[in-house]
Amino acid sequence: MKIERIQLQQHGDSRGMLIALEQDRNVPFQIRRVYYLFSTKCDVHRGMHAHRNLIQLAVPVRGQVTFLLDDGEGPCEVVLDDPSQGLLLRRMVWREMYNFSEDCVLMVLADQLYDPADYITDYAAFLRDVHVNGNGYQGDIAACLGL
């Protein structure tokens, strides 16, 4: 799976740092929604879905979180812990988030407004949708996580 990290340009001096997120400059889509997660316990798993159409950019504003990503070819883990790097999440990518640090604040920019019909929340259904002919990774994502 191709992991797409976006390096965000930092501006700063002795007073501190600033990063600007700008549509079609360092955010490769129209920004229609922004949300953030915080106060998530370390042993909690979030996400556990894919989107049919939504594109997102996840930025760890503070702390660290681990993503499990799968585009149908098998899962891989990505640790986000740098506020100057975003993770681009394209359509039809399964995502699970876990191992949140106590201070984690994860900001997500999205190209669409919230639409519950866009979610695929069943991993087996996701695999069927992403592989019409049944090819590709057919493993158990929980086994990959050691659960």
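The test for being under 19 Å from residue 28 (Cα atoms), part of a strand (DSSP E or B) and modelled with pLDDT of 95 or more does not hold for residue 68. A residue that is exposed (fewer than 13 other Cβ atoms within 10 Å of the Cβ) and either at pLDDT 95 or above or assigned to a strand (DSSP E or B) (or both) occurs nowhere in the range 123-146. For residue 103, the requirement of being exposed (fewer than 15 other Cβ atoms within 10 Å of the Cβ) and at pLDDT 95 or above is met.
The set of residues from the range 29-43 being at pLDDT 95 or above and open to solvent by less than 100 Å² (accessible area, probe 1.4 Å) comprises 29, 31, 33, 34, 35, 37, 39, 40. Scanning the range 8-17 for residues that are in contact with a strand residue (DSSP E or B) (Cβ under 6 Å, 6 or more places away or on another chain) and either open to solvent by 100 Å² or more (accessible area, probe 1.4 Å) or touching a residue at least 60 places away in the same chain (Cβ under 8 Å) (or both), we see that the one that is nearest to residue 77 (Cα to Cα) is 8.
Okay, residues lined up against (1) at pLDDT below 95; (2) open to solvent by 70 Å² or more (accessible area, probe 1.4 Å); (3) in contact with a Ser or Thr (Cβ under 8 Å, 6 or more places away or on another chain):
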| site | (1), (2), (3) |
| --- | --- |
| 51 | no, no, no |
| 54 | no, no, no |
| 62 | no, yes, no |
| 73 | yes, yes, no |
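The number of residues in the range 1-18 being under 25 Å from residue 98 (Cβ atoms) and part of a strand (DSSP E or B) comes to 4. When each of 27, 93 is tested for being over 12 Å from the mean Cα position of the chain (by Cα) and under 30 Å from residue 127 (Cβ atoms), the lone residue that passes is 27. Does any residue of the range 75-87 turn out to be among the aliphatic types (A, V, I, L, M), without any contact (Cβ under 8 Å) to a residue 40 or more places away in the chain, part of a strand (DSSP E or B) and under 23 Å from residue 10 (Cα atoms)? Taking every residue of the range 75-87 in turn, at least one turns out to be among the aliphatic types (A, V, I, L, M), without any contact (Cβ under 8 Å) to a residue 40 or more places away in the chain, part of a strand (DSSP E or B) and under 23 Å from residue 10 (Cα atoms).
The values are calculated or read from the model by the stated rules, or taken from the named source; none is laboratory data. Source: prediction; values computed, not measured. No Cβ is skipped: glycine too gets one built from the backbone with ideal geometry, and neighbour counts run over all protein chains shown. Accessible surface is based on the protein model in full, side chains and every heavy atom, while ligands, DNA and RNA are left aside. Shrake-Rupley method; radii C 1.70, N 1.55, O 1.52, S 1.80 Å.
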